[in-house]
Amino acid sequence: MAAITRVLGPVTEATLVGTTRITPPDCDEVRRIRLRVDDPGFHFSAGQLIGVIVPGSKLTGRRFHTRRYSIASGASPGDGRVAEFDLLVRRCFAVVDGGGRRPGLVSHYLCDAAVGEPIAISGPFPSPFRVPDRDDANLIMIGTGTGVAAFRGLIQDIYARKTGWKGQVRLYYGAHTGMDLLYRNEETDDLANYYDRQSFKAFRALMSKPPESDRDLLEPAIRSNAQEIWELMQDGRTHVFLAGLHRIADAFEDLMHEAAMSASVWNETRAWMQQDGRWSEMVYS
Ligand SMILES: Cc1cc2nc3c(=O)[nH]c(=O)nc-3n(C[C@H](O)[C@H](O)[C@H](O)COP(=O)(O)OP(=O)(O)OC[C@H]3O[C@@H](n4cnc5c(N)ncnc54)[C@H](O)[C@@H]3O)c2cc1C
């Protein structure tokens, strides 16, 4: 740990206290990994990120490897209690020259780790996603793949508030990674906790054929609700959150462009939301 700290700055030791595969065997593996930090001074907010640091090897020629992951839980208790939080980690593979693939370094380390193992983490780090202060804000969350992890934390947070969330909450998601099954598998269907909330609606993109792109993934869920999304966007209390892989922001823009029926009206609306700090993106490749 001391060697890592010298190179990377402050590092916290977490303990892995739970690891569950949340996708069926015939889908890509996504695991819910629960970490505990035995330091009551460790705090995080919904939407933040942490760094995971794993040892390097002679093979990679690196001492450490670090990757960022969204905290997929609501805010830490902040009352002196020990903090626990979830990560939703997809077991990734990298394509290598010649067409083969090699295991992703950090995701495999995390997915293979056993309960009780120490995990070095850094952060928490800010992300563009934070729960708005006013509880009558409308939230439109659009995500693909592991981007959905960040939304889990935001949703848990707003419905944990004692005052009750008054704004409308809409989640549009799709994934060919199997991440969407997080919300389909009854045992782990934590969205079910919110179905009785009048303000909450979740829309999963259902596909009749394998998707070829992120656009394919999102289009069915968004297109059929485009008018409602567009109308919510006319409300100055509405925030948009975009998360996930590749060209999700472009795909969403194209669909909303159609809903607005005018390039200039769409551009003005988006610019208005951006200026007000009501438009947040976390897009990674
Ligand atoms: C801001 C941010 C938040 C992130 N949040 C999450 C999260 O909550 N959950 C999560 O599982 N990952 C998340 N990631 C991705 C994560 O940081 C790693 O990049 C991923 O786990 C692969 O690392 P690796 O060391 O296993 O793979 P490497 O050894 O680095 O190999 C990388 C390979 O994995 C592919 N890859 C990288 N990320 C993904 C991904 N998310 N989905 C599919 N393929 C990918 C790359 O295209 C490449 O082929 C996030 C990334 C960023 C930048």
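Quick notes on this one:
- Panel note: the C-alpha atoms of region 2-125, placed on their principal axes, show extents of 53, 39, 25 Å (largest first).
- Mean separation of Cα contacts under 8 Å, 6 or more apart, over the residue count of region 91-181: relative contact order %: 26
- Stretching the chain fully between Val17 and Gln198 yields a gain of 61.8 nm (0.36 nm per residue, less the alpha carbon separation).
- Computed lengthening from Gln275 to Asp135, 0.36 nm per intervening residue step minus Cα-Cα distance: 48.4 nm
- Each Cα pair under 8 Å and six or more residues apart adds its separation to the average, and for region 1-114 the resulting relative contact order is 25 percent.
- Contour excess over end-to-end distance, with Cα ends at Arg36 and Val115 and 0.36 nm allotted per residue: 27.4 nm
A short reminder: the numbers here are calculations on the coordinates, not readings from a lab. Because the structure is predicted, anything quoted here is derived from the model rather than measured.
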